[in-house]
Amino acid sequence: MIDCRAASKSYASQPVLRGIDLVVEPGICALLGANGAGKSTLLRLLSGLEEPDDGSVFIDGLGFRDHPVEIRRNLGVLPEGLGLFESLTIIENLMAIGPIYGLTKSETAARATNLLGLFELTQGRHTVARNCSFGMRKKTALAMALLHRPKVLLLDEPFEGIDPSSSAVIEMLLGQLSSDGATILLTSHILSIVQKIATRVVILRHGRIESDFNPPTINEEVEEVYFNIV
Ligand code: ATP
């Protein structure tokens, strides 16, 4: 579970997030909003990549300051900047992240092989990350986020720049993880996918939560709010 309490963040005295209260329970929650609404900033705070100026963040009841290792082992993150080891190959990226999650070398290798197959990355697995296409890079970063089958996933634009076949695989994997009890919070500008997979839709506007559709049964309503704010 993700529990964000009164979290605020400013850059150069410009408020970006203004007192966000958000509890996300198992399921797939889509965080939507116009460019600049603060979605990536909120995901960075929830991932522990940055600290809020005020407020607090808990992942399964734990705070980043006191429990960074425990949180990392249950948390998968696809950050906006992807977070790849640029000089390593695709397979080396996955092998490097395994031990950070507490996986053995053979567990990491088996899971990496499976994910690379699903994402159609097997052929390119020995390509150095910085030489990969945008889609290959994003799929590698996603495979790194999924490698340890985390209970909580924070994904910044997981479908952007991904080919339709891999996109369908990602939808399927996220659906499976969610059915198994994972808590998934993702941002996306692709409303058709959001409408297909999200069990909840939260809309951010000017650093505040403007709407919360849980469950998002009234798709037209979500669409209306979404298109009105873009
Ligand atoms: P998009 O849909 O375009 O990705 P977003 O909703 O994810 O947008 P953020 O990337 O969180 O929005 O940015 C929100 C605001 O905060 C923007 O005005 C952005 O310029 C600003 N901002 C984000 N990160 C920083 C930073 N490190 N330094 C200064 N300003 C920042």
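The values are calculated or read from the model by the stated rules, or taken from the named source; none is laboratory data. Remember, predicted model here, so these are calculated numbers, not experimental data. Cβ sites come from the backbone with ideal geometry, for glycine too, and all protein chains shown count toward neighbours. When the accessible area is computed, the model is the full protein with side chains, heavy atoms only, and any ligands, DNA or RNA have been set aside. Shrake-Rupley method; radii C 1.70, N 1.55, O 1.52, S 1.80 Å.
All other residues whose Cβ lies under 12 angstrom from that of T183 are scored, Lys and Arg at +1 and Asp and Glu at -1, for a net of -2. Taking 7 Å steps out from each Cα toward its Cβ at F227 and Q195 produces label points 0.9 nm apart. For the range 88-104, the Karplus equation 6.51 cos²θ - 1.76 cosθ + 1.60, evaluated at θ = phi - 60°, returns couplings of 9, 6, 4, 5, 5, 4, 5, 5, 6, 7, x, x, 5, 8, x, 8, 6 Hz by residue, with Gly and Pro reported as x.
Sequentially through the range 204-210, phi angles give Karplus couplings (6.51, -1.76, 1.60; θ = phi - 60°) of 9, 9, 6, x, 10, 7, 8 Hz, Gly and Pro residues having no value and appearing as x. For the range 194-203, take each phi angle, set θ = phi - 60°, evaluate the Karplus expression 6.51 cos²θ - 1.76 cosθ + 1.60, and give the result in whole Hz per residue in order, putting x for glycine and proline. Per-residue couplings from phi come out as 4, 5, 6, 10, 6, 9, 7, 10, 10, 10 Hz. Scanning residues 5 or more positions from E80 or on other chains, none has an amide H under 5 Å from its amide H, with H placed 1.01 Å from N in the peptide plane. The distance between label points at E50 and E25 comes to 3.0 nm (points 7 Å beyond Cα on the Cα→Cβ vector). Taken about its Cα centre, the range 73-141 carries a charge dipole of about 40 debye when Lys and Arg each add +1 at the Cβ and Asp and Glu each add -1 at the Cβ. Expressed as a whole percent, the accessible surface of the chain that belongs to carbon and sulfur atoms is 51, based on a 1.4 Å probe.
Loop-only check: which trypsin sites (Lys or Arg not before Pro) in the range 57-117 are DSSP coil with at most 13 other Cβ within 10 angstrom? Kindly include the intermediate steps, with their values, before the conclusion.
Details: sites: R65, R72, R73, K105, R111; in loops: R65.
Answer by residue number: R65.
What is the chain's relative contact order, in percent, from Cα pairs under 8 angstrom and six or more apart in sequence? List each step's numbers first, then the result.
On the way: 426 pairs, mean separation 67.1, N = 230.
Across the chain, relative contact order equals 29 percent.
The Cα-based radius of gyration of the chain, divided by its Kirkwood radius, gives an Rg/Rh of 0.96.
Bridging of K39 to lysines at a Cα separation below 17 Å is possible for K9, once same-chain residues fewer than 8 apart are set aside.
The charge dipole of the range 34-189, taken about its Cα centre with unit charges on the Cβ atoms of Lys, Arg (+1), Asp and Glu (-1) only, comes to about 480 debye.
Put +1 on the Cβ of each Lys and Arg and -1 on the Cβ of each Asp and Glu in the chain; which of G63, G38, S13 then has its Cα farthest toward the positive end of the dipole? Positive-most Cα among the choices belongs to G63. Between R205 and E171, what is the FRET efficiency for a Förster distance of 25 Å, r being their Cβ-Cβ separation, to the nearest 0.05? Computed FRET efficiency for R205 and E171: 0.45. Solvent-accessible area per residue in the range 93-185 equals 42 Å², computed with a 1.4 angstrom probe and all protein chains kept. Would you mind checking the tilt of helix 164-179 against the longest principal axis of the Cα atoms of the chain, expressed as 0 to 90 degrees and rounded to 10? Its long axis makes an angle of about 70 degrees.
Determine the percent antiparallel among the DSSP beta bridges restricted to the chain, to the nearest 5. Write out the running numbers ahead of the final one.
Details: 19 of 37 bridges.
Of those bridges, close to 50 percent are antiparallel.
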